[in-house]
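A.B. asks: Below you will find the structure I want to go over with you.
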Amino acid sequence: MTGPDGSERLVKKHDFVQPTHPAVACLLAVAFALGGCGQPASQAAAPPPPSVTVAQPVKRTVTDWDEYTGRFEAVEEVQVRPRVGGFVNSVEFQDGAIVHQGDLLYVIDPRPFEAVAEQADGQLSDARAKVELAKRELDRGLNLVQTSAVSEQVVDQRRQALQAAHAAETQAEGALKAAKLNIEFTHVTAPITGRASRHLVSPGNLVQGSDAGSSTLLTSIVTMDPIYIYFDMDETTFIKYSKLWFEGKRPSSRDTANPVQVTLAGEPKPSHDGSINFLDNRLDVSTGTLRSRAVVKNTDLSILPGQFGRVRLIGSAPYEALLIPDAAVATDQSRKIVFVVKPDDTVEARPVVLGPLDDGLRVIRDGLKAEDRVIVNGIQRARVGAKVAPSPAQAPAGGKAGDKS
């Protein structure tokens, strides 16, 4: 190799020679890259644990209520029918109105019955006149028999004639009373106080009257306040109630007016109160249920016979229970679970046995302790065995979180 001064010099093996060929540059780049593979890569920062809201179960005294579906029926219902026949003169009530006992509903043409009454009155006057005549003839015969002017036989005949006259008078009085009753029956009045249905016969129509049930139906009246609700109790529940009664934990509805609460269709909570007043004497063999009845106040007349309602009946003695929001309960196949945060802030799935709802909270019969921290918000972010960031919840409906009273 020629030097700067033009002289040649020998290149030693240890002298660095900068490669200029492109292939050589590529090989060196690969070598440097391979040499850097042993360097540790920077790790990504771990995400923080998800935040959840926790609350301790509420502890308080509760009473179980059982629910049934029932149908309302009127305490009294009357089908208004005429007791005498004839043409209807007028209808004296408004369809669907509240009527009171004794209010006039229909007027039937009374003229034929007034004529019969006048005839009966004349027959009564004739009978009374015959009684007076028979009395005078008997008195005359008693005087004459003392002087033997007439025989005892004549006196007996006159005494018998007086008795017959009295009997005829009694019959005439009865006929007159019947005629006056028929006149009274031409004015059809309300037998009870309640709400009337529509009129089924218009003025000018002929109606049949009878006391044997074959008369024409004019309308119907149902009482409104109070009102009955009938419901069927299954055999298992009946046995449970009987057991509680034998143990002295719940009074029997046969001798105690146990309270009920009634919820109407479309209502979120009970709106009417009542009490049990009837249990049937045997179970229905076809359904295995016991017919029961409660009487409910209906002062606002908002309930009509035939409506459906949900009946809540006291089902246990008061007892201490743990309650949590119903939204905290999850379903795992066939079992119910809640997510509990352990002391190390990891999540545990806890199987529980549920009870009824009480004032918006779910009764937990088994599976929880009063000091457990239950996830009530953020369940979808919780993973069993993973850590979470718990924060206390606000007071739940029906009591504050962790309330032990």
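A.B. asks: Is there any pair linking a residue in the stretch 380-392 that is assigned to a strand (DSSP E or B) to one that is charged (D, E, K, R), with Cβ under 9 Å and at least six apart or on different chains, and which?
C.D. replies: Taking only residues 6 or more apart or on different chains, the pairs are VAL384/GLU348; LYS387/ASP344; LYS387/ASP345; ALA389/ASP345; PRO390/ASP345; PRO390/ARG373; PRO392/ARG373.
A.B. asks: Still on this structure, please answer the following. Restricting the stretch 271-291 to residues that are more than 16 Å from PRO226 (Cβ to Cβ) and in contact (Cβ under 8 Å) with a residue 24 or more places away in the chain, which is least open to solvent (accessible area, probe 1.4 Å)?
C.D. replies: Ranking the candidates gives LEU290 first.
A.B. asks: Sticking with this one: If the Cβ limit is 9 Å and pairs must be 6+ apart or interchain, which residue in the stretch 198-212 that is closer than 18 Å to PRO110 by Cβ pairs with which residue that is among the polar types (S, T, N, Q) and part of a strand (DSSP E or B)?
C.D. replies: So the pair list comes out as VAL201/THR219; PRO203/ASN89; PRO203/SER90; GLY204/ASN89.
A.B. asks: Taking the stretch 234-257, which residues are surrounded by 14 or more Cβ atoms within 10 Å (Cβ to Cβ) and either among the hydrophobic types (A, V, I, L, M, F, W, C) or free of Cβ contacts under 8 Å to residues at least 24 places away in the same chain (or both)?
C.D. replies: PHE238, LEU244, TRP245, PRO251, SER252
A.B. asks: I need the full set of residues from the stretch 154-196 which are within 18 Å of GLN94 (Cα to Cα) and surrounded by fewer than 19 Cβ atoms within 10 Å (Cβ to Cβ), in order please.
C.D. replies: Selection gives HIS187, THR189, PRO191, ILE192, THR193, ARG195.
A.B. asks: While we're on this one: Cβ-Cβ below 6 Å, separation at least six or inter-chain, first residue in the stretch 101-116 and at positive phi and in contact (Cβ under 8 Å) with a residue 24 or more places away in the chain, second part of a strand (DSSP E or B) and open to solvent by 60 Å² or more (accessible area, probe 1.4 Å): which pairs?
C.D. replies: GLY102/THR189
A.B. asks: A further question follows. Would you confirm whether any residue within the stretch 74-83 is assigned to a loop (DSSP other than H, G, I, E, B), surrounded by 14 or more Cβ atoms within 10 Å (Cβ to Cβ) and over 43 Å from the mean Cα position of the chain (by Cα)?
C.D. replies: Looking for residues that are assigned to a loop (DSSP other than H, G, I, E, B), surrounded by 14 or more Cβ atoms within 10 Å (Cβ to Cβ) and over 43 Å from the mean Cα position of the chain (by Cα), one finds none in the stretch 74-83, hence no.
A.B. asks: Separate question: Going by the structure shown, is THR346 more than 24 Å from SER51 (Cβ to Cβ) and either at pLDDT below 90 or surrounded by 16 or more Cβ atoms within 10 Å (Cβ to Cβ) (or both)?
C.D. replies: no
A.B. asks: Could you look through the stretch 292-306, keep only residues that are part of a loop (DSSP other than H, G, I, E, B) and not polar (S, T, N, Q), and pick out the one that is most open to solvent (accessible area, probe 1.4 Å)?
C.D. replies: The selected residue is LYS297.
A.B. asks: Could you please give the count of residues in the stretch 55-72 that are surrounded by fewer than 16 Cβ atoms within 10 Å (Cβ to Cβ) and more than 30 Å from GLU320 (Cβ to Cβ)?
C.D. replies: 2
A.B. asks: Return yes or no: is GLY96 touching a helix residue (DSSP H, G or I) at 6+ places or on another chain (Cβ under 9 Å) and on the phi > 0 side of the Ramachandran plot?
C.D. replies: no
A.B. asks: On to the next question. Given (1) assigned to a loop (DSSP other than H, G, I, E, B); (2) open to solvent by less than 20 Å² (accessible area, probe 1.4 Å), where does GLY309 come up short, assuming only one miss?
C.D. replies: Of the numbered conditions (1) assigned to a loop (DSSP other than H, G, I, E, B); (2) open to solvent by less than 20 Å² (accessible area, probe 1.4 Å), the odd one out for GLY309 is (1).
The values are calculated or read from the model by the stated rules, or taken from the named source; none is laboratory data. Here the structure is a predicted model, which means the values were calculated and not measured. Virtual Cβ from ideal backbone geometry, glycine too; neighbours counted across all protein chains shown. Note: areas computed on protein heavy atoms with side chains; ligands, DNA, RNA excluded. Shrake-Rupley method; radii C 1.70, N 1.55, O 1.52, S 1.80 Å.
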